[in-house]
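Asker: Take a look at the following structure, please.
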Amino acid sequence: MRSWLFLIGLITAALIAGCTAQPNPTADKLPDRWPATLSDFHYVWTAEPGIDLQAGPAVVARAYTESYLVASFGGSLDYLYPGFDRAVDKNQPVGSAPRSTIALWPEPDPDPTPRVGTAQEHILRIDQTGRDVAVISCYWTVGTALAQPNAQYRIKGNPPPYTGVYVNRVDLQTPPAPQVLPPQRGPSNYPFIDIFGQWRVIGSLHPAGSTDLQSEWPEYTQDLDACTTKSPEPLDRREYLTSADRPRSDFPTLPASPGWPAQSQ
């Protein structure tokens, strides 16, 4: 009898150990969820009046845009936010139509360089027709820079008057049923949960992904001009920051805003 009890105890202990030893993919990845090369790099988002950065399409656009750049700058697709691989369509071959389908996924930098400062993103407008949603956002790059061997920092600039100013469009498809999440604001640099849900990311137009944006985005120049006008830095400051190596103090790292909720239990 004792031997049977002993054997049952061993089996029970093994089962418990086996259950508790099962990997939790999210927990296992948490220490590495943010690249070491971006330890001094945060996102600050703003938006035009009436646009809620904490809910709806703005949240999905935030998560997609940040994922794309963090994986690119961090050098690995492992840094994509939870749910990206399911929500985002695969890249289509170069030359496919529409062009917005050819650069949906990032190409990670094989030799990432430490990047510091604050990536400033501003949602200019959100257009919706039926279940199709386009989120147009400004990307002001002069708040960030790459570490240089001389202990200075450098950010490249495009020609004036658009120096340090870009505009992106993310095309989404809404879920078949409403998706309810708590407000997506908090102290974390990245989300701990899948906030994509049943949203689909079906298109992306940005300068790095296509040389011909206007054919599918007739308002491109108009939107770029609007982003230039709304830039938090005037042209002379943007040209100064992009014209030579600059000290770290020129690229402060602000707290992530609105950020993402801290991990729950």
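Asker: Can you run phi through the Karplus equation (6.51, -1.76, 1.60; θ = phi - 60°) for segment 180-186 and list ³J(HN,Hα) in whole Hz, with x for Gly and Pro?
Answerer: Result, rounded to whole Hz: 10, 10, x, x, 8, 9, x.
Asker: Taking the convex hull of the alpha carbon atoms in segment 82-132, what volume per residue do you get, in Å³?
Answerer: In segment 82-132, the Cα hull volume divided by residue count equals 165 Å³.
Asker: In addition: Compute the angle between helix 2-20 and the longest alpha-carbon principal axis of the chain, please, reported from 0 to 90 degrees and rounded to the nearest 10.
Answerer: Long axis of 2-20 versus the principal axis of the chain: about 0 degrees.
Asker: Using a 7 Å offset from the Cα along the Cα-to-Cβ direction at both residue 129 and residue 78, what is the distance between the two label points in nm, to one decimal?
Answerer: In this crude spin-label approximation the distance works out to 4.2 nm.
Asker: Another question, if that's okay. Quick one: in segment 36-115, what % of C-alpha pairs are over 17 Å apart?
Answerer: Here the long-distance tail beyond 17 Å is 55 percent of all Cα pairs in segment 36-115.
Asker: Another question, if that's okay. Per residue, what accessible area does segment 116-265 have, given a 1.4 Å probe and all protein chains present, in Å²?
Answerer: Roughly 48 Å² per residue, with all protein chains present.
Asker: Still on this model: For q values of 0.21, 0.22 Å⁻¹, compute log₁₀ I(q)/I(0) with the Debye formula on a Cα-only model of segment 38-179, without solvent.
Answerer: Log10 I(q)/I(0), no solvent term: -1.52, -1.58.
Asker: Rounded to the nearest 10 degrees, what's the angle between the helix 57-74 long axis and the longest principal axis of the chain, both from Cα atoms, 0 to 90?
Answerer: Taking the Cα atoms of the chain, the angle to 57-74 is about 90 degrees.
Asker: Does segment 124-235 classify as rounded, prolate or oblate by the C-alpha gyration tensor (a ≥ b ≥ c root eigenvalues; a/c under 1.5 gives rounded; else a/b over b/c gives prolate, otherwise oblate)?
Answerer: Oblate is the answer for segment 124-235, as a/c is 1.5 or above yet b/c matches or exceeds a/b.
Asker: Would you please classify the overall shape of segment 184-237 from the alpha carbon gyration tensor, given that a ≥ b ≥ c denote the square roots of the eigenvalues, rounded means a/c under 1.5, and beyond that prolate means a/b larger than b/c while oblate covers the rest?
Answerer: Verdict is oblate for segment 184-237.
Asker: Let me ask something else. Ranked highest first by the average count of other Cβ atoms within 10 Å around their residues, in what order do 168-174, 153-159 fall?
Answerer: Answer by packing, highest mean first, reads 168-174, 153-159.
Asker: Using a Förster distance of 35 Å, how high is the FRET efficiency between residue 215 and residue 188, based on the Cβ-Cβ distance and rounded to 0.05?
Answerer: Approximately 0.35, to the nearest 0.05.
Asker: Given the rule -39500 (n - 2.57) for each run of at least 4 DSSP H residues, summed and divided by the residues of the chain, what is its mean residue ellipticity at 222 nm, to the nearest 500 deg cm²/dmol?
Answerer: About -7000 deg cm²/dmol.
Asker: Find how much the distance from residue 180 to residue 237 grows on full extension, using 0.36 nm per residue of separation minus their present alpha carbon separation; answer in nm with one decimal.
Answerer: Net length gain for the segment: 16.4 nm.
Asker: Still on this structure, I have one more. Quick check: pseudo-label points 7 Å beyond the Cα along Cα→Cβ at residue 225 and residue 89, how many nm apart are they?
Answerer: For the pair residue 225/residue 89, the computed spacing is 3.0 nm.
Asker: In the chain, what percentage of the DSSP-assigned beta bridges are antiparallel, given to the nearest 5?
Answerer: In the chain, DSSP labels about 75 percent of beta bridges as antiparallel.
Asker: Now for a different question. Which of the following values of Kirkwood radius over Cα pairs in Å was calculated from the structure shown: [x] 20.2; [y] 21.7; [z] 18.5?
Answerer: [x]
Asker: Give me the angle, in degrees from 0 to 90, between the Cα long axis of helix 220-229 and the longest principal axis of the Cα atoms of the chain, rounded to the nearest 10.
Answerer: 80 degrees
Asker: Right, another one. Please report, as a whole percent, how much of the solvent-accessible surface of segment 181-265 comes from carbon and sulfur atoms (probe radius 1.4 Å).
Answerer: Ligands and nucleic acids excluded, carbon and sulfur give 54 percent.
The values are calculated or read from the model by the stated rules, or taken from the named source; none is laboratory data. Predicted, not measured: the structure shown is a model, and the values here were computed from it. Positions of Cβ are generated from backbone atoms using ideal geometry, with glycine treated the same way; all protein chains shown enter the neighbour counts. To get the accessible areas, we keep the full protein, side chains included, count just its heavy atoms, and leave off ligands, DNA and RNA. Shrake-Rupley method; radii C 1.70, N 1.55, O 1.52, S 1.80 Å.
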